[in-house]
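Undergrad: I am attaching a structure below and will ask some questions about it afterwards.
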Amino acid sequence: MHWLDPDYLPEVSGMFERFLINPHGDADGMILTDGTEVHFPPHMSAEVCAAIRPGEPTILTIRGVRTRRGNLIAAVAIGTANGVRIVDNGPPKAHDDEGKPQQPAAKTKREPMDAEGIVRSVLHGPKGEERGALLEDGRIIRIPAHEAERITHLLIPGKTLAVRGEGLVSALGTVIEARDVGVAMDQLQPLKPKKPKPEKHRDHDAESHVA
């Protein structure tokens, strides 16, 4: 939402508790000590992580939009008590100032992982849709967007969630992108794969009439 002027958006203050990471290991959100979930796009990850040190009490001011679903704020700007302000200016350009392609950052290798634990809180996407869970032991479970709504009955705080999929461990935490889910490891059910987008067919008949 980098097209929005953050100075005209509501401001919320709170104490940082922990980062949330996506399946690629990029920070794309955080939890405040009052339980509020804050989402920000992963292209802000490096700046936000440089300004906030996990484990240190940090008071933040966040300007953004509160979604209708979930206790979530979609952040446009994040400020710290020492004056650092990170604003969503959109994803990085595909090319640098000299016209050369930007090299994508190296991603942490993922490996097969499974987890079973008690759901502490439900995690959401930028529009407030349910997209995973934070377990009480701190592990982050991410559910593919096309399947998240179908398994919301498993994403209940205080209940046991078991998953198997691919994940990674980084300085920011452990994240697993689920491929199978259930209430226990011996009751896992596979998630449905995402349907491929239909190909756009060109009008060959129209082309055949072109001289």
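Undergrad: Just the residues that are at pLDDT below 90 and either open to solvent by less than 10 Å² (accessible area, probe 1.4 Å) or not in a loop (DSSP other than H, G, I, E, B) (or both), please, taken from the stretch 52-97.
TA: His95
Undergrad: Which condition number does Cys49 fail, the rest of (1) farther than 29 Å from Asp180 by Cα; (2) at pLDDT 95 or above; (3) open to solvent by less than 20 Å² (accessible area, probe 1.4 Å); (4) under 17 Å from the mean Cα position of the chain (by Cα) being met?
TA: (3)
Undergrad: With the checklist (1) out of contact with any Lys or Arg (no Cβ under 9 Å at 6 or more places or on another chain); (2) modelled with pLDDT of 95 or more; (3) under 26 Å from Ala27 (Cα atoms) in hand, flag the one item Val163 doesn't pass.
TA: (1)
Undergrad: Same structure again: Can you tell which of Ala133, Ala148 is part of a helix (DSSP H, G or I), of a type in the set (Gly, Ala, Ser) and either under 25 Å from Pro54 (Cα atoms) or modelled with pLDDT under 95 (or both)?
TA: Matching residue, one of Ala133, Ala148: Ala148.
Undergrad: Turning to a different aspect of this structure: For the stretch 160-172, which positions are over 21 Å from Gly125 (Cβ atoms) and either crowded, with 19+ Cβ neighbours inside 10 Å or basic (Lys, Arg) (or both)?
TA: Ala162, Arg164, listed by residue number.
Undergrad: Next question. Which members of the stretch 3-27 meet the condition of being more than 14 Å from Ala171 (Cα to Cα) and either assigned to a helix (DSSP H, G or I) or open to solvent by 60 Å² or more (accessible area, probe 1.4 Å) (or both)?
TA: Once the filter is applied, which keeps residues that are more than 14 Å from Ala171 (Cα to Cα) and either assigned to a helix (DSSP H, G or I) or open to solvent by 60 Å² or more (accessible area, probe 1.4 Å) (or both), the stretch 3-27 yields Trp3, Asp5, Pro6, Asp7, Tyr8, Pro10, Glu11, Ser13, Met15, Glu17.
The values are calculated or read from the model by the stated rules, or taken from the named source; none is laboratory data. Owing to the predicted nature of the structure, the values given are computational and were not obtained by experimental measurement. As a convention, Cβ positions derive from the backbone with ideal geometry for all residues, glycine included, and neighbour counts pool all protein chains shown. Surface areas here come from the heavy atoms of the whole protein model, side chains and all, with no ligands, DNA or RNA. Shrake-Rupley method; radii C 1.70, N 1.55, O 1.52, S 1.80 Å.
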